[in-house]
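Beneath this line is the structure, given in structure tokens, with notes to follow.
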Amino acid sequence: MLKLENAQALQRKVSINVPDKEAEHTIFTLPFEGIELTKDQLDAYLGKGTFASWFNHRKDGIWEPMPWVARLPKAEIALDDEFETAGVEIVVSGNKELVFEGTEADEDDKGNEIEATPGGRITGIRLTPKLGGVTLLAFHLQVRPGLGKENLELQRHQYRHVTVTLGDLTAIERKEKTKQGDLPFHPPGAEGDKAAEPAVNGDDTKDFAAGAEREVEEHKRRGSVINGR
């Protein structure tokens, strides 16, 4: 399983999603990259022997990526794995600790069940073997920053280095995967749960009908056969 504790990472541009137009339900997608995985970390994640199949040990003692790696797009391995984590800790400049924790299932005042939510979600995992035997990890982390200091600090640290620690991860089964951003981070039945429908008004319908009639009349004028007549 993938494990990260006090991992140095570069945080890139934050993607912001407000699924139900309520600011407190905002989801941040944080792209992290440049996280160095050792041989043991790589094998612990993908299985024993992964490192040996990805790297060649040269005569001068240096580990280098196998030739097949260079043939991959961007020389990286993209994985379809997705995980949920019970908690996330991100340390930003000034040793400020930002902690994101999940919630347990509960009931609201009306007795309706409220789903449990994770502390974060891991998607978009990419691995890049590099000269020297290090594998660089990149992924997207989704969290709920709320409206407090965590929200502002994460935005301030775009394109800056941070330290990331992930709690225990739970793999998301392939059949349960949905489009990115469809986390259970907002109340069931909220506006963000509804599929967007195209807006059609009366004027649009009239314009379309009028255009169709003009086209039929033009065919008649040219002597075309309409509806078998």
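Just so it is clear, none of the values below were taken in a lab; they were calculated from the coordinates. What you are looking at is a predicted structure, and each value in this text was computed from that prediction instead of being measured. Here the Cβ is made from the backbone with ideal geometry for all residues, glycine too, and neighbour counts use every protein chain on show.
Of note:
- Hz values of 3J(HN,Hα) by residue in the stretch 119-134 - Karplus curve (6.51, -1.76, 1.60), Gly and Pro given as x: x, x, 9, 10, 9, x, 6, 9, 10, 10, x, 10, 4, x, x, 9
- Each peptide in 50-56, 159-165 gets a packing score, the mean of other Cβ atoms within 10 Å over its residues, and the list from highest to lowest is 50-56, 159-165.
- The stretch between Asp20 and Gln155 holds 46.5 nm of extra length on full extension. This uses 0.36 nm per residue minus the Cα-Cα distance.
- Förster radius 45 Å - calculated FRET efficiency between Glu101 and Lys59 (Cβ-Cβ, nearest 0.05): 0.35
- Distance distribution P(r), the stretch 112-163, all Cα-Cα pairs, bin width 10 angstrom from 0: 18, 36, 29, 14, 3, 0 percent.
- Here the Karplus curve 6.51 cos²θ - 1.76 cosθ + 1.60, taken at θ = phi - 60°, turns the phi angles of the stretch 30-35 into couplings of 9, x, 10, 8, x, 7 Hz, with x standing for Gly and Pro.
- In terms of distances greater than 25 angstrom between alpha carbons, the cross-link table entries Lys74/Lys96; Lys110/Lys149; Lys3/Lys130; Lys13/Lys48; Lys3/Lys96; Lys13/Lys96 yield Lys74/Lys96; Lys110/Lys149; Lys13/Lys48.
- Here the translational diffusion coefficient of the stretch 51-114 follows from Stokes-Einstein with Rh set to the Kirkwood radius across Cα pairs; for 10 °C and 1.306 mPa s it amounts to 92 µm²/s.
- Annotation for the stretch 1-74: GluC sites (Glu not before Pro) lying in DSSP loop with at most 12 further Cβ atoms inside 10 Å of their Cβ are Glu5.
- Extreme residue, positive dipole direction of the stretch 30-148, given options Asn112, Ser93, Pro73 (C-beta unit charges): Pro73
- Rounded to whole numbers, the Karplus 3J(HN,Hα) couplings from phi for the stretch 39-45 are 4, 5, 5, 5, 5, 5, 7 Hz, using 6.51 cos²θ - 1.76 cosθ + 1.60 with θ = phi - 60°, and x at Gly and Pro.
- With N counted as the residues of the stretch 7-193, its alpha-carbon radius of gyration over 2.2 N^0.38 Å works out to 1.16.
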